[in-house]
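Values in this text are rule-based calculations from the coordinates and carry no lab data. It should be emphasised that the depicted structure is a prediction, and the values quoted were computed from it without experimental measurement. Ideal geometry is used to build each Cβ from the backbone, glycine not excepted, and the neighbour counts take in all protein chains shown.
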Amino acid sequence: MSPSKLKNIQPKIKVEKIADNFIGWIGSTQSLLVHSVLFLLFLLFGVLGVDGDKIMLVLTTVVSLEAIYLAIFIQMSINRNIESLVEVEKDIDEIQEGFEDIAEDVEEIQTAVGKIKTDVDEIQEDVEDIVEDVGVAGTPKFGQLFLNWRQWVRI
């Protein structure tokens, strides 16, 4: 993520931090042990003579409230993750556009190199034609003829 985008990320408010900690804790072995102990305590109250209906009323109320808050906290976490994924998706789109631009540039460079190669080939042919016109191996070249002009001017 670019530095400008990092500035736009707002710090988590206290409720979000609590939600993250709670969700992290719920998925832990500690949470499993604590919940198991609490359920055993409710069973123990029944053995000790506390009215079973009252135990079940309190237990179901506590479990229902916990489930409600857990669902809310999980949804908050999901919403933040979705926002983060949207940002990542935008970054991926920008990177993809950059790759497409680079691919176009490479194609243009390849075309330019092909034209240069064609020009070099044409220049090579022109040089060969000039060499043929000026002289064949064993005969004087134009430069040699020019330097020896006095030989040609003798009358």
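Shape index of the stretch 65-118: Rg/Rh, with Rg the Cα radius of gyration and Rh the Kirkwood radius from the inverse mean 1/r over Cα pairs, equals 1.57. Expressed as a fraction of 2.2 N^0.38 Å, the C-alpha radius of gyration for the stretch 6-134 is 2.55.
Each residue, Asp121 and Leu85, gets one label point 7 Å from its Cα in the Cβ direction; the gap between the two is 5.3 nm.
Using the Cβ of Ser31 as centre and a radius below 15 Å, the other residues enclosed give a net charge of -2, where K and R count +1 and D and E count -1. Computed from backbone phi, the HN-Hα couplings of the stretch 95-109 come to 5, 4, 4, x, 5, 5, 4, 5, 4, 5, 4, 5, 4, 5, 5 Hz, rounded to whole numbers (Karplus: 6.51 cos²θ - 1.76 cosθ + 1.60, θ = phi - 60°; Gly and Pro given as x).
Report the FRET efficiency, 1/(1 + (r/R0)^6), for Asn21 and Lys54, where r is their Cβ-Cβ distance and R0 is 30 Å, rounded to 0.05. The calculated FRET efficiency here is 0.40. Relative intensity of the stretch 20-64 on a log10 scale, I(q)/I(0) at q = 0.23, 0.25, 0.30, 0.33 Å⁻¹, equals -0.80, -0.87, -1.02, -1.10, per a Debye sum over C-alpha point scatterers of equal strength in the absence of solvent.
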